[in-house]
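Notes for the one structure printed next.
Taken together, the values in this text are just the output of simple stated rules run on the coordinates, not laboratory data. Nothing here was measured: the structure is a model prediction, and the numbers come from that model. Cβ: placed from backbone, ideal geometry, glycine included. Neighbour counts: every protein chain shown.
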Amino acid sequence: MSEAFAFNARNVEPAKPRDNTLIPSGWHRAWVIGAEMKKNAAGNGRYLELTWQIVEGEAENRRHWERYNVENPSEVAVRIAQEQLSAVMHAINVLEFNDPGELSGVMCMIKIGIEKGKNGNPDRNKIYGYLPDGDPKATVMVPKTGAGAKGAVSGARATALNDKEDDLPF
């Protein structure tokens, strides 16, 4: 028998439908709001799951869960997870921890992208990079170059445009 519980919906505003779209690709300022070690589905390893929350922009308050396979029979999976976790830790300037909870509350820039779905699963967001909070590299948009790019600039012209010390008299 369940425990008694009363609820009156007349006193509570109904929840609005939630946006189930992917977070737009690009750099986002985010912080870790959760860090937890979990067993993998096969039961032969564990992963660190970080819950990221975007703090500004069009995706403000959206959350993303990223998994880092830190214990896995696949040496490649472990190496990739360690490299990704190292990038996180360098971006937040915390180079060592004893408890994953120590990562909660830290801010950095994360580069969100879209990974194509496999085996009938839908596309999903994935983090493809980490930089320290406010790093100017995270906000610089590099224009496409090359013959097919709209408004493309030739190599020589691009070099001249990017030169910090030019010979222009003004």
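Data overview
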| read-out | value |
| --- | --- |
| Across Lys16/Lys137; Lys38/Lys111; Lys39/Lys126; Lys38/Lys126; Lys16/Lys118, pairs whose alpha-carbon gap is larger than 27 Å | Lys16/Lys137; Lys16/Lys118 |
| Anisotropy class of the range 19-138 from Cα gyration tensor, a/c 1.5 cut | oblate |
| Globularity index of the range 52-96, i.e. its alpha-carbon radius of gyration over 2.2 N^0.38 Å | 1.42 |
| For Met107, net neighbour charge (Lys/Arg +1, Asp/Glu -1) across residues whose Cβ lies under 12 Å away | -2 |
| Long-range amide H partners of Val55 with built H, under 5 Å | Arg29, Ala30, Trp31, Asn61 |
